[in-house]
1. Report the residue count in the stretch 117-138 for those that are crowded, with 16+ Cβ neighbours inside 10 Å and either in contact (Cβ under 8 Å) with a residue 60 or more places away in the chain or in a loop (DSSP other than H, G, I, E, B) (or both).
2. Looking at (1) modelled with pLDDT under 75; (2) not in a helix (DSSP H, G or I), find the lone condition where residue 16 falls short.
3. Which count do you get for residues in the stretch 97-129 that are in contact with a strand residue (DSSP E or B) (Cβ under 6 Å, 6 or more places away or on another chain) and of a type in the set (Ser, Thr, Tyr)?
4. Would a scan of the stretch 98-119 turn up a residue that is closer than 20 Å to residue 54 by Cβ and at pLDDT below 95?
5. Scan the stretch 159-193 residue by residue and report those that are within 21 Å of residue 78 (Cα to Cα), surrounded by fewer than 20 Cβ atoms within 10 Å (Cβ to Cβ) and touching a residue at least 40 places away in the same chain (Cβ under 8 Å).
6. Collect the residues in the stretch 168-182 that are assigned to a strand (DSSP E or B) and modelled with pLDDT of 95 or more, keeping them in residue-number order.
Amino acid sequence: MRKPYVLVAMLAAAAAVSSCATMTDTMSAAAGMGVVSQQHSTFDDSTIITVSPMPLWAKGSWGNAVQLGASWSSASPDRVALVMSYDANATQGSAAFTSLSGMDINIGGEVTQWRSGSSTQLSNGAYNTVSQTVYTASSNSIVIPYSMLQRMVTAPDCRLRIHTGEGYEDAQFNIERIPGGQATALVSIKKFVAQVDAMRSSTHR
């Protein structure tokens, strides 16, 4: 006799989780995180599709410091850049930049290593006199075959090891949401891949 009540409770819990996820997604987009955009290059008439970085996560961690985005151009349709990003703030006596030199990708036990061909880009914003803080950013990218990214977003087990100036940081790319509902980079990169796939299909007709 209790089964209907159990079902109602389960449905209510599912609705609450869905509502929380929607709210966090909206807040992330408002902050410019995980946003897919498309531009036209006036230089070579190529189409450029990007997705801004979103958090990565590994089970058992307090959250990863490095976020992940991506960039694709119709000028090089079979390649894609994975953008590693580290945002922080500098207060007196603390370091706020890190180097991002490469990434190891493990898809179902198949490990490949990718290194950036350029130096990490470092930038900082204006000094906040109230909090006495300077907000900083470190970013770099690796270029991989687009077919590998397609495999990454559908793989049941995909893990990343991002190499930084402090060592490395591991992430489980196949996890869509952090406990609490926050979407990971996988959610936004899936949308990015769908838009790139549509563009690639239209140009191959």
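1. Qualifying residue count for the region: 1.
2. (2)
3. 7
4. yes
5. Matches in the stretch 159-193: 191 only.
6. 168, 169, 170, 171, 172 - these are the residues of the stretch 168-182 that are assigned to a strand (DSSP E or B) and modelled with pLDDT of 95 or more.
The values are calculated or read from the model by the stated rules, or taken from the named source; none is laboratory data. All of these numbers come straight from a predicted model, not from anything done at the bench. All Cβ positions, even for glycine, are placed from backbone atoms using ideal geometry, and neighbour counts span all protein chains on display.
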